[in-house]
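What follows is a short report on a single structure.
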Amino acid sequence: SQVELIDDLLDVSRVITGKMRLDVRSVDLLPVIDAALDSVRPAADAKNIRLHTVIDPRAGPVVGDPSRLQQVVWNLLANAVKFTPRGGRVEVHLQRVNSHIEIVVSDTGEGIAPTMLPFIFDRFLQANSSSTRTHTGLGLGLALVKHLVELHGGSVTAMSGGEGQGATFVVTLPITIAQ
């Protein structure tokens, strides 16, 4: 956990100073998603959370850094598992929509209060910052997701019906033009 926190702090520092480097190439997102799922599976299994994946065969490659894209998916999945109670469900959809690819991560977790949604991608933001909170972290994961997705020419949005109603995050990336 400490290594992840330090890595996140260093990544945020690189983003802020404009020193974040991407190893750009054609990326098939299925292995990226599979690797992120493999890394959160033990935590999901421990909480009896069902992981479900839906893959659109038309979802072609994107241009980007595979390790940074895996970091994006991992952050979203790790949060989904962290904020989903025992016996819940986390879904990942990879789909082509017109001229872009969407990675959708949704959960049946705690959800996001409507007052927090506009600020969910801010650095160091946490819905509960009290000393009695049950979840750890610095509030950097979603800020990193936003910055990394934007460096790839994409966007990320968050939706939730409110507290107790789960959350959905949609990452939109441009498709590879030449195949």
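Brief remarks follow.
Quick grid of which residues meet (1) touching a strand residue (DSSP E or B) at 6+ places or on another chain (Cβ under 9 Å); (2) modelled with pLDDT of 95 or more; (3) open to solvent by 90 Å² or more (accessible area, probe 1.4 Å); (4) assigned to a loop (DSSP other than H, G, I, E, B):
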position	(1), (2), (3), (4)
VAL104	yes, yes, no, no
ALA113	no, no, no, yes
PHE121	yes, no, no, yes
PHE124	no, no, yes, yes
SER129	no, no, yes, yes
ARG133	no, no, no, yes
VAL145	yes, no, no, no
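- Those residues of the range 66-92 which are open to solvent by 60 Å² or more (accessible area, probe 1.4 Å) and either under 18 Å from SER155 (Cα atoms) or part of a helix (DSSP H, G or I) (or both), in sequence order: SER67, GLN70, TRP74, LYS82
- VAL63 being in contact (Cβ under 8 Å) with a residue 60 or more places away in the chain and open to solvent by 70 Å² or more (accessible area, probe 1.4 Å): yes
- Among the residues of the range 147-179, just one is of a type in the set (Val, Ile, Thr), in a loop (DSSP other than H, G, I, E, B) and either open to solvent by 50 Å² or more (accessible area, probe 1.4 Å) or within 23 Å of ILE112 (Cβ to Cβ) (or both), namely ILE177.
The values are calculated or read from the model by the stated rules, or taken from the named source; none is laboratory data. All figures in this text were calculated on a predicted structure; none of them were measured in a lab. Reconstructed Cβ throughout: ideal geometry from the backbone, glycine too, with neighbour counts over all protein chains shown. Surface areas here come from the heavy atoms of the whole protein model, side chains and all, with no ligands, DNA or RNA. Shrake-Rupley method; radii C 1.70, N 1.55, O 1.52, S 1.80 Å.
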